[in-house]
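Reviewing the structure listed below.
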Amino acid sequence: MNSREDKVTIRRILIAMDPSYRSVGALDVAAELAARLGAELSAVFVEDVDLLHLAEFPFAMEIGSRSCCLRPVRLVDLERQMRAQADEMRKALAAAAERSGVTWTFRVTRGPVATEILMASMDADLVILGKRGWSLSRRLGSTVRFIITRGKGMALVLQEGAKLKVPVVAIYNTSENADKVLETAATLADMKEGKLMVLVVAPDAETGSELHGRAAEYLESRGVEGRVSVLIKPGIALLAHTVHGMGPVVLPCEQTFLCSDDLCELVNLTENPVLLIR
């Protein structure tokens, strides 16, 4: 491994915020990472243009949160509500940043949510998203799917209430970013003063043995406490089961590991924070 090429450098962390309690909870993780890595914490709040367009239709209705009665949706009311939500998110960000002692920025954009977050992430080293965002569904949110399939940089997907605990898990295989996955996972393990679990995912026993040796050599040279296990052609369900109860799962986000649909399914199945490395 070339330590110079694979050294993890994160100077700007972007968190995608929405009015749900999930994104507010993710602020603690984002602020902790920013403080530990010496990074700037930035947030973007997107005024959903599709929702605003919907409010322009005369038949658009909403259910009152307290009265549970149907009432017409007015564009002016929706815009006012979005401004109030953005102000609440800005205050939450400022409070989290102050507690962690990190610098921060906050901005509001208007457009399709997934596209705006993707554009904002181009200037960040790491983007943090809630797994399901506004949705109450148990399935992966559409914005996260969009970032997984079309994003360019590192992305951390957080489950509701998830914390960065140990052991940190590194999915190690033959991908181009395999060494970067190891180094990033080791950095997280150092931050949490915990162990690193390396899961070697290989197509056959011979490749698995070779990768096991490389990973073990890296742990020794890096001085990281941990262990290495080998999985031969594991399915998505087995991977999710293996990492259950552990800390963040760091894995390569590229087609040589899993196709886009399988990668989305793995993120959907696991309750662990998932850090995608590109």
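Key figures
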{"read-out": "Any pair with Cβ under 8 angstrom, 6 or more apart, that starts in the range 225-253 at a residue that is without any contact (Cβ under 8 Å) to a residue 40 or more places away in the chain and within 20 Å of N268 (Cα to Cα) and ends at one that is open to solvent by 40 Å² or more (accessible area, probe 1.4 Å) and outside any loop (DSSP other than H, G, I, E, B)", "value": "I236/D262; I236/E265; I236/L269; A237/L269; A240/L269"}
{"read-out": "Condition check for V250: surrounded by 13 or more Cβ atoms within 10 Å (Cβ to Cβ), modelled with pLDDT of 90 or more and of a type in the set (A, V, I, L, M)", "value": "yes"}
{"read-out": "Residue within the range 11-19 that is at pLDDT below 70, in contact with a Phe, Trp or Tyr (Cβ under 9 Å, 6 or more places away or on another chain), open to solvent by less than 90 Å² (accessible area, probe 1.4 Å) and not in a loop (DSSP other than H, G, I, E, B) present", "value": "no"}
{"read-out": "Test result for I171, open to solvent by less than 10 Å² (accessible area, probe 1.4 Å) and either closer than 30 Å to P112 by Cβ or in a loop (DSSP other than H, G, I, E, B) (or both)", "value": "no"}
{"read-out": "Selection from the range 254-278 of residues that are of a type in the set (S, T, Y) and within 17 Å of L164 (Cα to Cα)", "value": "T270"}
{"read-out": "Condition met for L219 (more than 15 Å from A155 (Cβ to Cβ), outside any strand (DSSP E or B) and open to solvent by less than 40 Å² (accessible area, probe 1.4 Å))", "value": "yes"}
{"read-out": "Residues satisfying the stated conditions in the range 177-216, i.e. closer than 19 Å to L164 by Cα, touching a Leu at 6+ places or on another chain (Cβ under 9 Å) and not in a helix (DSSP H, G or I)", "value": "G194, L196, V198, L199"}
{"read-out": "Of all residues making up the range 227-278, the number that are at negative phi, outside any strand (DSSP E or B) and more than 19 Å from the chain's Cα centre (by Cα)", "value": "7"}
{"read-out": "In the range 258-278, the residues that are open to solvent by less than 30 Å² (accessible area, probe 1.4 Å) and hydrophobic (A, V, I, L, M, F, W, C)", "value": "L258, L263, C264, L266, V267, V274, L275, L276, I277"}
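Per-residue answers, yes or no, for (1) farther than 22 Å from A170 by Cα; (2) at pLDDT 85 or above; (3) of a type in the set (A, V, I, L, M):
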{"position": "R110", "(1), (2), (3)": "yes, yes, no"}
{"position": "E116", "(1), (2), (3)": "yes, yes, no"}
{"position": "A124", "(1), (2), (3)": "yes, yes, yes"}
{"position": "I128", "(1), (2), (3)": "no, yes, yes"}
{"position": "G133", "(1), (2), (3)": "yes, no, no"}
{"position": "L136", "(1), (2), (3)": "yes, no, yes"}
{"position": "L140", "(1), (2), (3)": "no, no, yes"}
{"position": "F146", "(1), (2), (3)": "yes, yes, no"}
{"position": "K152", "(1), (2), (3)": "no, no, no"}
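Every residue, every condition in (1) part of a loop (DSSP other than H, G, I, E, B); (2) open to solvent by 70 Å² or more (accessible area, probe 1.4 Å); (3) modelled with pLDDT of 90 or more, yes or no:
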| position | (1), (2), (3) |
| --- | --- |
| H53 | no, yes, no |
| Q81 | no, yes, no |
| K91 | no, yes, yes |
| V102 | yes, no, yes |
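The values are calculated or read from the model by the stated rules, or taken from the named source; none is laboratory data. Quick caveat, the model's predicted, so the values are computed rather than measured. Cβ atoms come from the backbone with ideal geometry, glycine included; neighbour counts cover every protein chain shown. The area values use the complete protein model at the heavy-atom level, side chains included, leaving out ligands, DNA and RNA. Shrake-Rupley method; radii C 1.70, N 1.55, O 1.52, S 1.80 Å.
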